[in-house]
Amino acid sequence: MSSKRALLAADLSVHTTDRVLNDLRDAVRDERLPDAEAVHARLSQSLTEILGDSGDTRLNFAPAPPTLFLMVGVNGVGKTTTLAKLASLATRHGRKVILAAGDTFRAAAADQLGLWAERVGADFIRHREGSDPAAVVFDAVQAAKARKADLVLVDTAGRLHNKANLMEELKKIGASVSGNWAASRMRFCWCWTLRPARTPSARLKSSWTPSA
């Protein structure tokens, strides 16, 4: 598989793929990279620089609890598992956590998240399969306020950025939260894989854009 095809298969945009490969060609010429291993290392460096500073992996919490993290990404990049790891980390640090099953599309997605909630000691909010994800998030926010939770972690169905109906679903979720909660408490977490693989190498980035 060519480098360009591999990057596109990993859900990078055409613009980002062209930028990465152009930078790589310049590096091969200017830095006289000696072998394939050096080229691969330089490619990894370029991707890391584009995706963000890997040196600061801290999550941005709201000034006052609770904070909501909405996990977003394409299929198979490890959103649910990453969410469970975040919940485990937070509970170990004494935070009260609510896990919300916003993926109402994938079969048994809520069951999987419920099992993680039980294992890490987090509260759990779910609706029936096929229900409105925005309603799940709304109820999770209400529960967080009532139970004085520190953190609401929301799982969502896998989606590509070019699927208009699924992106509109994210807007609806954001609106359901912003309408009854301070928008400054909401964070989006983007979960992706750097390469197509059976066991994805997932990265996580948190942002301060509740209205996105």
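Residues that are at pLDDT 85 or above, of a type outside the set (A, V, I, L, M) and over 29 Å from Leu12 (Cβ atoms): which strands (runs of 3 or more DSSP E) entirely in region 26-142 hold 2 or more of them?
Values: elements: 67-72, 97-101, 123-125.
Counting at least 2 such residues, we get 123-125.
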Original post:
Can you tell me how many residues in region 6-24 are part of a helix (DSSP H, G or I) and surrounded by 11 or more Cβ atoms within 10 Å (Cβ to Cβ)?
Top reply: 13
**OP:** May I ask you to list the residues in region 143-154 that are under 15 Å from Val72 (Cα atoms) and either among the β-branched types (Val, Ile, Thr) or modelled with pLDDT under 90 (or both)?
**Re:** Val152, Val154
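For region 67-80, does any single residue satisfy the condition of being of a type outside the set (Val, Ile, Thr) and without any contact (Cβ under 8 Å) to a residue 24 or more places away in the chain? Explain how you work it out, then say what you get.
Here is the first cut: in region 67-80, the ones of a type outside the set (Val, Ile, Thr) are 68-71, 73, 75-76, 78-79.
Within this subset, residues satisfying the condition of being without any contact (Cβ under 8 Å) to a residue 24 or more places away in the chain are none.
Checking region 67-80: not a single residue is of a type outside the set (Val, Ile, Thr) and without any contact (Cβ under 8 Å) to a residue 24 or more places away in the chain.
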**OP:** Please state which one of Ala107, Ala134 is among the small types (Gly, Ala, Ser) and crowded, with 18+ Cβ neighbours inside 10 Å.
**Re:** Ala134
Original post:
Is at least one residue of region 155-175 at pLDDT 85 or above and either surrounded by 15 or more Cβ atoms within 10 Å (Cβ to Cβ) or assigned by TED's automatic domain parsing to the domain that holds Ser44 (or both)?
Top reply: yes
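The values are calculated or read from the model by the stated rules, or taken from the named source; none is laboratory data. Note that the structure is predicted; figures quoted are calculated from it, not measured. In this analysis, Cβ positions are derived from the backbone assuming ideal geometry, glycine residues included, and neighbour counts consider all displayed protein chains.
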